[in-house]
Amino acid sequence: MKIEIKEMLAKKILTEAKGYLDVGFTHSLNPYSGCAFSCKYCYVREMPIQKYKEIPWGEWLDIKTNAAENFRHEMIKLRMKGKVVNVFMSSATDPYQPIERKANITRGILEEMIENPPDFLQIQTRGPLITRDIDLLVKLKEKCDVLVSMTIETDRDDVRKIFAPLAPGINLRLKALKEVHDAGISTQASISPVLPFTPDFPKVLAGIVNHIWIDTLSIGDGSMGKRSERLGMPKLFEKNELSKWYLKDIHVRVEKYFNKHFPSEMIRVSKTEAFPI
């Protein structure tokens, strides 16, 4: 798929956290606008950033070339005001876009964070490229709390290909998560959203995660499932004979199942509680 890539100067890089991020985060940080992974269920497709675009989601990407510089200036101002800064990166894109290999926007931000660290940083990604930056994450965790959260919606790559055919393969993500965990960095598997998985899913995550986050198409789309319905998720599940997984209470069932394999304190469900920051 051809992607229209543009460079831009962002006015700001830190955005005050609202909505589903209001669980201890103070700011979100998006190094890019748009996302090449183009997951079919992505709620951002239904947000203004995309609704008013003529180019389809997944076919455009804006590179915020001044992201690191902005972060430095904004952090200095926040610290001068005595503000706590808990950052969620990223809420409306993936910080490890394929173009990040060349653009180094996320890496530049991490380098700046080492000089001006937040109090807490959660990196939310499905990009194995994060292993490139383990050197910086190891340095950063000496100055603030760092959590690397890898989106792993399922352990079935055939299911991933239905819902997110352009996203990195599941095994690549698992391998990357293990590398980060082995480097001594706190890790999380974000089952977000829950997609059909095998009974062995918990075993796949054992030993490579400190936390497990469970989210669903009903809870996590920001409109109690309405965005997911508009995106055609019920029909996509039905078409692939997976409708038994499209349930309002799927998070309850998944949490109960994972509690059989992990201590309950390792598991959290979106919109009900968050891990302490």
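Net charge near M113, counting Lys/Arg +1 and Asp/Glu -1 over other residues with Cβ under 15 Å of its Cβ? Charge balance in the 15 Å sphere: -4. If R0 equals 22 Å, the separation of the Cβ atoms of D145 and R101 corresponds to a calculated FRET efficiency of about 0.20. Taking 0.36 nm per residue of separation and subtracting the current Cα-Cα distance, fully stretching the chain between R79 and K11 would add 22.6 nm. Which whole number in µm²/s is D for the range 1-54 by Stokes-Einstein, with the Kirkwood Rh taken over Cα pairs at 10 °C and 1.306 mPa s? Using the Kirkwood radius from Cα pairs, D works out to 119 µm²/s.
Looking at the range 173-277, the GluC sites (Glu not before Pro) that sit in a DSSP loop and have at most 13 other Cβ atoms within 10 Å of their own Cβ are E241, E273. Database remark: amide H of T151 closer than 5 angstrom to the amide H of T125, R126, S190 (H placed geometrically; neighbours at sequence offset of 5 or more, or on other chains; Pro and chain starts carry no H).
Pairs from the list K11/K226; K102/K139; K6/K77; K18/K81; K83/K143 with a Cα-Cα gap above 27 Å: K11/K226; K6/K77.
Any chance you could give the angle, 0 to 90 degrees and rounded to 10, that helix 105-115 forms with the longest Cα principal axis of the chain? Roughly 60 degrees between the two axes.
What Kirkwood hydrodynamic radius do you get for the range 4-213 when you take the inverse of the mean 1/r over all pairs of distinct Cα atoms, in Å?
With all distinct Cα pairs of the range 4-213 included, I get 17.5 Å.
The P(r) of the range 153-277 has a tail past 26 Å containing 19 percent of all C-alpha pairs.
Dividing the Cα radius of gyration of the range 187-237 by 2.2 N^0.38 Å, with N the residue count, gives 1.33.
GNM remark for the chain: springs join alpha carbons under 10 Å apart, and the peak mean-square fluctuation among D155, D119, D135 falls on D135.
Averaging the sequence gap over all C-alpha pairs within less than 8 Å and six or more residues apart, then dividing by the number of residues, gives the chain a relative contact order of 17 percent. Highest mean first, the peptides 41-53, 92-104 sorted by other C-beta atoms within 10 Å per residue fall in the order 92-104, 41-53.
A short reminder: the numbers here are calculations on the coordinates, not readings from a lab. The structure displayed is predicted, hence computed values, not measured ones. A quick note on method: Cβ atoms are made from the backbone with ideal geometry, for glycine too, and the neighbour counts reach across all protein chains shown.
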